[in-house]
Amino acid sequence: EGHKAEVVTFLKGTVIRCAEETADMYASIDAVTDRLAQKLRKYKERRLQGYHGGPNMGDNLAQVLEELGQEELEEEAAAPTDEEFVDPEAPVVTKIKSYDLSTPVSIEEAIFALDYVDHDFYVFREKESNEISVVYKRNVGGYGLINPK
């Protein structure tokens with residue numbers, strides 16, 4: 001059974017989240033500390049370079065990331081009766097995430113936010129088209145963008 005160390009840091013309107021899991025509790029703490037230090041260095045460098053995408057970038061980003069950090073497990077629906085067939089291989093939803101997409105952000109802001117969440121994708125409302133879009137990290141490097149038709 002592994003030991004998971006998770007850190008959520010609030011920094012000037014931005015939420016930075018890190019999580020690491022190892023067999024040893026102290027190794028997990030060391031790993032999450034190293035990862036947080038790396039993310040904080042990257043955050044500082046990008047802020048100094050003006051990569052943040054605008055003066056009010058942190059407003060919506062902080063709210064979205066905070067709501068992502070407050071994920072809760074949803075309990076399964078009422079237990080089936082003895083007469084109902086339950087497929088043991090059926091997929092089960094174990095987490096439901098919801099957050100406000102009413103404030104549009106630029107693609108650059110979405111990529112900026114993607115670097116600070118422990119996910120390979122980031123869902124956002126695009127500023128130019130006002131459509132829901134997804135940016136994701138590509139396995140070959142770089143980022144991808146999914147837009148609706």
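Taken together, the values in this text are just the output of simple stated rules run on the coordinates, not laboratory data. Remember, it's a predicted structure, so these values are computed and weren't measured experimentally. Cβ: placed from backbone, ideal geometry, glycine included. Neighbour counts: every protein chain shown.
Values for this structure:
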{"read-out": "Calculated FRET efficiency for the pair LYS44/GLU6, C-beta based, R₀ 25 Å, to 0.05", "value": "0.70"}
{"read-out": "Relative packing of peptides 28-41, 89-102, 111-124 - highest average C-beta neighbours within 10 Å first", "value": "111-124, 28-41, 89-102"}
{"read-out": "Point-to-point label distance, ASP120-VAL134, nm (Cα→Cβ direction, 7 Å offset)", "value": "1.1"}
